[in-house]
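Step one of this worksheet: look at the structure below.
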Amino acid sequence: MNLAARDQRVIWHPFTRQKDMLPPIPVVKGQGSLLWAENGDVYIDAVSSWWVTLHGHGHPYIAEKIYRQALQLEQVIFAGFTHEPAVQLAERLLPLLPGNFTRIFYSDNGSTSTEVALKMAIQYWWNKGEKRKKILAFHNAYHGDTFGAMSVSDRSVFTLAFHDLLFEVIFIDTPDTVNLESIAQKIREHENEIAAFIYEPLVQGAGGMKMYDAGSMDQLLALVRQAGIVCIADEVMTGFGRTGNLFASAAMVNKPDIICLSKGLTGGTMALGVTACTDRIYQAYVSDDAMKTFFHGHSFTANPLACSAAVASLDLLEEPACRKQISWLCSMQQAFAEKLQQQQLPVKDIRVTGTLLACEIEKGVDGYLNNISAHVTSEALRQGVYLRPLGNTLYLMPPYCITAAELEQVYTCMENILQAL
Ligand SMILES: *Cc1c(COP(=O)(O)O)cnc(C)c1O
């Protein structure tokens with residue numbers, strides 16, 4: 001039996017309707033932007049394998065660091081013990097973060113990094129003896145699939161079965177120059193109950209690659225900060241260069257108190273989550289009272305292999321060649337967006353933030369359940385490109401190592417598909 005058939009007997013895939021599921025494509029190798037299927041087909045990974053891959057698949061530098069670390073120390077309990085990769089990563093990361101961050105808390109993925117942030121912010125108020133428990137979040141937000149993360153995410157098809165069990169959240173629209181005053185009004189009504197504001201800065205990823213204005217966001221953040229509300233930037237997707245800056249929060253003067261990182265943290269090689277906080281948050285936990293301890297942790301907290309991979313990824317990110325590649329990708333995406341605009345194609349709302357390009361396909365209903373997505377994916381695969389639209393939202397998020405020729409192939413493929421619709 002071939003691998004796809006064996007898979008279909010025993011595996012349950014994420015975010016995948018099980019009935020009438022197409023056989024999954026066995027992938028045997030990845031290098032740079034390319035993925036090799038078992039049958040010899042080669043695909044350009046134009047979505048960075050669910051937004052994680054930065055420097056390319058099978059990067060020898062990161063692979064070497066993981067291998068060396070595996071021989072040295074592959075895992076150790078992180079309560080009462082520490083190790084070089086965890087400390088080194090924290091030392092390297094803290095000065096790069098957008099704000100006055102002083103502490104790193106490790107977990108395993110993006111969802112846990114936001115769970116940790118929410119718990120950290122809520123217990124911050126509890127430790128201080130203040131009754132603030134409500135969370136402020138954006139419509140269209142996506143912060144992960146665990147219960148806390150689902151609660152602060154938009155109520156959508158992702159969360160439908162669980163609505164009764166999710167905690168109540170105050171949802172607001174992403175800010176623009178018109179709606180800022182009405183948002184401010186809503187916040188003032190609940191001002192002294194709100195513990196924290198969680199947001200994806202500049203781009204809302206899984207909610208449909210929705211992009212919004214940095215200037216209005218800065219004004220909103222100023223207002224929220226004035227009310228003492230803890231600001232949580234979920235940069236799980238936007239972090240590590242995706243929006244052009246190292247972090248999307250760099251585009252705003254008002255910085256977060258807590259930041260969540262994962263996905264590109266290890267260059268997309270291993271599962272790791274980071275929740276960093278400022279001293280304001282941390283000091284609320286430094287107490288003689290044992291009840292004020294942050295009782296949270298995961299078996300694989302600060303896994304040494306993952307931390308080594310993250311340090312290696314930072315080494316690569318800090319190389320001038322990588323910075324150059326990111327700005328090149330930003331300008332290519334901008335130019336392609338302008339080219340798309342000039343053609344008669346069934347798309348609207350063509351938009352770019354840094355290395356991210358997105359548009360809405362004008363066919364069928366807007367939203368995640370539009371099955372134009374499956375059509376685009378299979379057509380793109382036929383043309384040697386991997387695309388995975390969110391419903392009718394078509395987007396490109398290539399790894400930074402993509403070559404000019406590969407990027408050209410992705411653009412041509414996208415135009416071909418749109419023309420044929
Ligand atoms: C992907 C994502 C998450 C969840 O991360 P996982 O590693 O998939 O759990 C959280 N927030 C944002 C903004 C994301 O894009």
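Derivation of every value follows stated rules applied to the coordinates shown; laboratory data play no part. Just so it is clear, the model here is predicted, and its values are computed rather than measured. Glycine gets a Cβ as well: all are built from the backbone with ideal geometry, and neighbour counts include every protein chain shown.
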**OP:** Check cross-link reach from K134 to the lysines: straight Cα distance under 23 Å, and skip same-chain residues fewer than eight apart.
**Re:** K119, K186, K255, K292
**OP:** For F105, enumerate residues with amide H under 5 Å from its amide H, sequence gap 5+ or separate chain, H modeled in the peptide plane.
**Re:** T275, A276, C277
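Find the relative contact order for the chain and round it to a whole percent, using C-alpha pairs within less than 8 Å whose residues are 6+ positions apart.
Details: 769 pairs, mean separation 89.4, N = 421.
Here the relative contact order equals 21 percent.
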Original post:
How big is the Rg/Rh ratio for segment 73-318, C-alpha atoms only, Rh by Kirkwood, two decimals?
Top reply: 0.95
**OP:** Please work out the ratio of the alpha-carbon Rg of the chain to 2.2 N^0.38 Å and round it to two decimals.
**Re:** 0.99
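Answer rounded, prolate or oblate for segment 255-306, using the Cα gyration tensor with square roots of eigenvalues a ≥ b ≥ c: rounded when a/c is under 1.5, else prolate when a/b is larger than b/c, else oblate. Please report the intermediate quantities before stating the final value.
Details: a/c = 3.92, a/b = 1.64, b/c = 2.39.
Judged from the Cα gyration tensor, segment 255-306 comes out oblate (a/c at least 1.5, b/c at or above a/b).
Output the peptides 89-97, 300-308 sorted from most to least packed, where packing is the average of other Cβ atoms within 10 Å over each peptide's residues. Kindly include the intermediate steps, with their values, before the conclusion.
On the way: 89-97: 16.7, 300-308: 23.7.
Answer by packing, highest mean first, reads 300-308, 89-97.
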**OP:** Find, to one decimal place in angstroms, the Kirkwood hydrodynamic radius of segment 51-108, where the mean of 1/r is taken over every pair of different Cα atoms and then inverted.
**Re:** 13.7
Original post:
Which whole number of Å³ per residue matches the convex hull of the alpha-carbon atoms in segment 1-69?
Top reply: 137
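Test of the criteria: in segment 104-166, which chymotrypsin sites (Phe, Trp or Tyr not before Pro) are in a DSSP loop and have at most 13 other Cβ atoms within 10 angstrom of their Cβ?
none
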Original post:
So, with +1 on the Cβ of K and R and -1 on the Cβ of D and E, and no other charges, what is the size of the charge dipole of segment 296-421 about its Cα centre, to the nearest 20 debye?
Top reply: 100
Original post:
How many angstrom lie between the C-alpha centres of segment 39-111 and segment 234-269?
Top reply: 14
Original post:
What fraction of the Cα pairs in segment 146-199, stated in percent, has a spacing above 14 angstrom?
Top reply: 58
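Just the Kirkwood number for segment 162-290, please: inverse of mean 1/r across all distinct Cα pairs, in Å, one decimal. Don't jump to the answer; show the numbers that get you there.
Numbers: mean 1/r = 0.0624 Å⁻¹.
The answer is 16.0 Å.
What relative contact order, as a whole-number percentage, does segment 73-318 give when Cα pairs under 8 Å and 6 or more residues apart are counted?
The value is 30 percent.
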**OP:** Just the number, please: percent antiparallel of the DSSP beta bridges in segment 115-265, rounded to the nearest 5.
**Re:** 10
Subject >> Using θ = phi - 60° and Karplus 6.51 cos²θ - 1.76 cosθ + 1.60, couplings along segment 275-291 (whole Hz; Gly, Pro as x) >> reply: 10, 9, 9, 8, 5, 3, 6, 4, 5, 5, 9, 8, 8, 6, 7, 4, 5
Original post:
Once you wrap a convex hull around the alpha carbon atoms of segment 55-178, what is its projected area averaged over all directions, in nm²?
Top reply: 12.4
